[in-house]
Structures are given as structure tokens and as C-alpha cells.
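Shown next, in C-alpha cells, is the structure this report addresses.
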Amino acid sequence: MNKNATRMLTGLIFGTIAMGCIIQGKLALLALLLFILYFASREYVKVLNHKGFYPSLKMICIAEVLLAAIAYFQRFDLVAFALTVCAIGAFMWVLFRGRQPYIANVATTLLGMIYCGWFPLHLLFLRNLESSRFHDGLAFVVIMFITVLLTDTGCYYAGRHLGKHKLAPVISPNKTIEGSIGGIICGILGAMVIGTYIGLEWYLSLAAGILCTVFAQIGDLCESLIKRDAGVKDSGDSLPGHGGFLDRCDSYILTIPVMYYFCKYFIFSNELVNNFSAYIKGLF
């Protein structure tokens with residue numbers, strides 16, 4: 001098969017499995033996340049090794065399991081405790097292993113815990129959102145995934161046929177401003193369609209679409225920045241036609257937590273808006 005056919009087949013298989021686990025939720029979604037996070041973390045460590053940094057894969061995985069348990073049982077009160085334990089563990093690992101560069105190894109271990117673990121685990125929070133109006137967060141997970149998928153597609157085709165001006169020439173030379181705009185338009189349209197289908201107000205659908213499409217592209221650039229700095233092209237070769245798990249999931253890493261907090265405070269609850277309004281009224 002040619003490269004595009006391989007890419008499409010891999011995406012179809014992986015996407016079908018992922019969506020099945022997301023629809024099922026609970027343990028199926030947890031198992032999917034832990035599977036992806038493990039391989040993404042391995043790729044992250046391997047990429048950083050090219051830069052001469054040696055983050056601890058064991059500490060990152062331990063942190064991910066701990067944070068995953070907290071996310072699964074919705075124990076928000078333990079988040080600060082878990083992050084504190086993880087940070088201390090990163091320092092202890094460097095202290096007793098004694099491998100240079102010390103500061104970089106601690107920093108990249110902590111970054112791996114957050115970037116490869118805590119950010120993606122917000123998908124559990126997003127999936128489990130509930131209110132009197134919406135039974136759960138499944139529809140908003142679908143909005144996010146469709147928006148990111150259409151963003152990637154729009155960026156590719158708009159950039160291929162219309163791209164002239166480089167978006168970030170040093171970090172990702174192939175990305176163009178025209179491609180980025182095409183991706184944003186496609187992503188927003190997708191979010192608006194799905195939002196209309198589930199009965200979400202147009203302005204909330206628009207806001208969700210903008211947030212998802214913008215942070216999908218930022219997440220893509222952030223991963224490109226890490227790879228560019230380390231001097232590698234792909235994070236791995238586990239997914240034929242896509243590179244590694246980190247390459248395939250980079251657009252979601254920042255989008256997931258952003259979408260969760262937007263839904264939590266502006267769709268499933270108006271607490272933040274009401275508190276802000278009350279504060280403004282109190283000033284006058």
C-alpha cells in the first residue's frame with residue numbers, strides 16, 4: 001500500500017478502537033488512556049535522549065498511574081497531593097541516580113508527567129461531566145475529536161493547495177498560515193454542526209470550535225518544537241503512516257484540558273460566570 005492508504009487504514013483502525021472505548025467509558029476508556037500514555041511516554045523519553053536529557057520513564061509511568069487513579073475516581077481533592085509526590089519523586093530519582101544533567105533531567109521528568117500524563121487524563125474528567133441538561137460529556141468529546149480531525153484535514157488540504165506563507169518556519173517548515181486558516185474554518189464548521197445536533201447554543205458551539213481548533217494547532221506545534229529541538233523527525237514508528245503515538249495525539253494533548261475546563265465552567269455549570277458577574281456588580 002502507498003503511504004496515504006497506510007495512513008488512512010491505521011487511522012481508521014485506531015480511531016474505531018478509540019471511539020469504542022470513549023463511548024463505553026469507565027474502565028475501557030481508562031485502559032485506552034493508560035495504553036496510549038505508556039507508549040507516548042516511551043517516545044517522549046526517547047526523543048529527549050537525543051537532546052542529551054534523561055528523564056525517568058519509570059517515574060513518569062508511576063505518576064501517570066497515580067494520576068489516572070485520581071482521575072478515574074474523581075478525587076479532585078488529591079490532585080495537589082499527587083503532583084507534590086510526583087515532583088518529590090522526580091528529585092529523588094535524580095538525587096540517587098546521579099546522572100548529568102541534573103536540572104534538565106528533573107525538569108524533563110516533571111514535564112513528561114504533565115505533558116504525557118496529566119493533560120491527556122483530563123479526557124476522563126470531560127467524559128464524566130454531567131448536568132440536568134446533558135447526561136454526560138460524550139457529546140463534547142465527540143465535538144472535540146471531530147473538530148481536531150477536521151482541523152488536521154483542513155490544514156493539510158488548504159496548505160497543500162493554497163499555502164504560501166510559513167506559519168512557524170523554524171519549528172515546522174511545512175505549515176502555512178493559509179493552511180492554519182483552512183483548518184480553523186473546517187474545525188469551527190464541524191463544531192457548529194455537532195453543536196446544533198445536540199441542541200447547544202450557537203455561540204457556545206462557536207467558542208468550543210475556536211478553542212479546539214486553535215489549541216489543536218498549538219499542541220501540534222508544541223510537539224514539533226520538542227522534536228525539532230531534539231533533532232528528530234518522528235517520535236516513533238508504532239503507527240504506520242502516522243509515526244508514533246505522540247505524533248498522532250499531539251493535537252489533543254492541550255485541547256483536552258482546555259475543552260474540559262470550558263465545558264465545566266461555561267456549559268455544565270455557570271458558577272464561574274455567576275461569580276464573576278457578582279464580583280463585577282460588587283465593584284459598583
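For the reader, a short list of remarks on this structure follows.
- Of the trypsin sites (Lys or Arg not before Pro) found in segment 130-198, the ones in coil according to DSSP and having at most 15 other Cβ atoms within 10 Å of their Cβ are Arg133, Lys164.
- Cα-based shape type of segment 159-259, given that a ≥ b ≥ c are square roots of the gyration tensor eigenvalues and the cut on a/c is 1.5: prolate
- Checking the Cα-Cα distances for Lys26/Lys233; Lys175/Lys264; Lys227/Lys264; Lys58/Lys233; Lys46/Lys264 against a 28 Å cut-off, the pairs over it are Lys26/Lys233; Lys175/Lys264; Lys227/Lys264; Lys46/Lys264.
- Cα gyration tensor shape of the chain, rounded if a/c is under 1.5, else prolate or oblate by comparing a/b with b/c: oblate
- Separation of segment 1-65 from segment 184-213 is 27 Å, based on Cα centroids.
Rule-based calculations on the coordinates, nothing more; no lab input. Nothing here was measured: the structure is a model prediction, and the numbers come from that model. Neighbour counts are summed over all protein chains in view; Cβ atoms, including those assigned to glycine, are modelled from backbone coordinates with ideal geometry.
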